[in-house]
Amino acid sequence: MKYRVLSDEELQHLEGDLKAFLIINGVHGEEWAKLNQEEPQKALELVELFSDQVMQTVYEKVKFLEHRAPDSCIVFHFGENEQELIAIQKNPGSVVDLSSVEGIHEALTKTPGDLSFFTSKKHYNDSRELEIHRLIEQGAVLSDAGFWNSLKEIL
């Protein structure tokens, strides 16, 4: 398993895709029910394979992630061969809260002196999609080019 097994709720939303995947792999409706009953491990392996394919497709489309905490906000941009980040860190003694969009906006517009910025670039250690997966597992969420470009302008 490269990523993770999709939840039951996620699988329900992708039921049509799962059925198509099973048919492509030679498993039809009644066979699927029988496989679940008689060989649950094999059925799970098919769900794991389907889950990995779905996650791979989703991660290939991700361009920006961000990770927010009260004392920092890190925005990641994923290129083809490397990732770049912009980090905003509150300075010691500052009372700004960078865990929300409103808090970040307020800090950037009203108290920018309470913030430190840094940037970094690195080539991927593993596959691009695996690095995206790890960041999401650590709490990163989707971001967008608008936020990234706004931060680039500030720098």
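The values are calculated or read from the model by the stated rules, or taken from the named source; none is laboratory data. If you're wondering where the values come from, they're calculated on a predicted model, not measured in any experiment. No Cβ is skipped: glycine too gets one built from the backbone with ideal geometry, and neighbour counts run over all protein chains shown. Only protein heavy atoms, including side chains, enter the accessible area calculation; ligands, DNA and RNA are left aside. Shrake-Rupley method; radii C 1.70, N 1.55, O 1.52, S 1.80 Å.
For Leu35, are the conditions met, namely being more than 21 Å from Gly139 (Cα to Cα), open to solvent by less than 50 Å² (accessible area, probe 1.4 Å) and outside any strand (DSSP E or B)?
On the way: more than 21 Å from Gly139 (Cα to Cα): yes; open to solvent by less than 50 Å² (accessible area, probe 1.4 Å): yes; outside any strand (DSSP E or B): yes.
Judged against the criteria, Leu35 is a match.
Only one of the listed residues (Ser51, Ser72) is under 30 Å from Pro112 (Cα atoms) and touching a Lys or Arg at 6+ places or on another chain (Cβ under 8 Å). That residue is Ser72. Count of segment 20-31 residues, restricted to those that are part of a helix (DSSP H, G or I) and either without any contact (Cβ under 8 Å) to a residue 12 or more places away in the chain or aliphatic (A, V, I, L, M) (or both), is 7. Taking the conditions exactly as written (of a type in the set (Asp, Glu) and open to solvent by 90 Å² or more (accessible area, probe 1.4 Å)), does Glu15 satisfy them or not? Yes; evaluated as a whole, the condition is true for this residue. Looking across Arg134, Arg128, one residue alone is more than 15 Å from His77 (Cβ to Cβ), within 14 Å of the chain's Cα centre (by Cα) and of a type in the set (Lys, Arg). It is Arg134. Considering only residues in segment 99-148 that are on the phi < 0 side of the Ramachandran plot, surrounded by fewer than 16 Cβ atoms within 10 Å (Cβ to Cβ) and assigned to a loop (DSSP other than H, G, I, E, B), the one that is modelled with the lowest pLDDT turns out to be Asp126. Among the residues of segment 72-97, those identified as open to solvent by 50 Å² or more (accessible area, probe 1.4 Å) and in contact with a Ser or Thr (Cβ under 8 Å, 6 or more places away or on another chain) are Gln89, Lys90.
Among the residues of segment 1-12, which ones are modelled with pLDDT of 90 or more and open to solvent by 90 Å² or more (accessible area, probe 1.4 Å)?
The first filter runs over segment 1-12 and keeps only residues modelled with pLDDT of 90 or more, leaving 2-12.
Of everything in segment 1-12, those that are modelled with pLDDT of 90 or more and open to solvent by 90 Å² or more (accessible area, probe 1.4 Å) turn out to be Lys2, Asp8, Glu9, Gln12.
One residue stands out in segment 38-70 among those that are assigned to a loop (DSSP other than H, G, I, E, B) and under 13 Å from His133 (Cα atoms): the one that is least open to solvent (accessible area, probe 1.4 Å), namely Val62.
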